[in-house]
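This report refers to the structure that appears directly beneath it.
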Amino acid sequence: MRSRYSAFATGNVPYLLATWHPDHRPAHLELDPEIEWRRLDILSTSGGGPLERTGTVEFRAHYRVDGRRDVQQENSSFVRERGQWLYVDGR
């Protein structure tokens with residue numbers, strides 16, 4: 001989760017797409033260059049242990065856009081395939 005947040009913050013679209021599960025990955029991704037990501041707070045996690053195949057991360061991502069502060073809160077689902085964690089979806 002932290003690596004995906006960092007990829008959003010730095011505009012690393014190739015990394016975001018590579019870590020998105022292929023069944024849910026968009027064909028292309030455009031990031032808003034006006035969004036300035038400021039901080040990531042991990043609120044809770046479940047699963048995701050060394051022997052588990054799935055996990056979730058609830059987080060708050062703080063950002064600024066047009067001089068206004070805002071927050072995105074999500075509960076993200078991940079699945080491990082061939083040793084790599086892939087983002088599935090968020091609610």
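The values are calculated or read from the model by the stated rules, or taken from the named source; none is laboratory data. Only a predicted model underlies this, so the values are computations on that prediction, with no experimental measurement involved. Virtual Cβ from ideal backbone geometry, glycine too; neighbours counted across all protein chains shown.
List pairs: first residue in segment 65-76 and over 14 Å from ARG2 (Cα atoms), second residue among the aromatic types (Phe, Trp, Tyr) anywhere in the structure, Cβ distance under 6 angstrom, at least six positions apart or on different chains.
Pairs found: ASP70/TYR63.
Condition test on ASP89, is it in contact (Cβ under 8 Å) with a residue 24 or more places away in the chain and surrounded by fewer than 14 Cβ atoms within 10 Å (Cβ to Cβ)?
Against the criterion (in contact (Cβ under 8 Å) with a residue 24 or more places away in the chain and surrounded by fewer than 14 Cβ atoms within 10 Å (Cβ to Cβ)), ASP89 qualifies.
Name the single residue, out of those in segment 1-19 being at pLDDT 95 or above and of a type in the set (A, V, I, L, M, F, W, C), that is farthest from GLU34 (Cα to Cα).
ALA18
Can you find a residue that is closer than 17 Å to ARG2 by Cα and either basic (Lys, Arg) or touching a strand residue (DSSP E or B) at 6+ places or on another chain (Cβ under 9 Å) (or both) anywhere in segment 25-35?
The answer is no; no qualifying residue exists.
Mind checking which residues of segment 46-66 are out of contact with any Lys or Arg (no Cβ under 9 Å at 6 or more places or on another chain), more than 19 Å from GLY11 (Cα to Cα) and surrounded by fewer than 14 Cβ atoms within 10 Å (Cβ to Cβ)?
Of everything in segment 46-66, those that are out of contact with any Lys or Arg (no Cβ under 9 Å at 6 or more places or on another chain), more than 19 Å from GLY11 (Cα to Cα) and surrounded by fewer than 14 Cβ atoms within 10 Å (Cβ to Cβ) turn out to be SER46, GLY49, PRO50, LEU51.
Answer yes if at least one residue in segment 2-22 is touching a residue at least 24 places away in the same chain (Cβ under 8 Å), over 14 Å from GLN84 (Cβ atoms), in a loop (DSSP other than H, G, I, E, B) and hydrophobic (A, V, I, L, M, F, W, C), and no otherwise.
Among the residues of segment 2-22, not one is touching a residue at least 24 places away in the same chain (Cβ under 8 Å), over 14 Å from GLN84 (Cβ atoms), in a loop (DSSP other than H, G, I, E, B) and hydrophobic (A, V, I, L, M, F, W, C), which makes the answer no.
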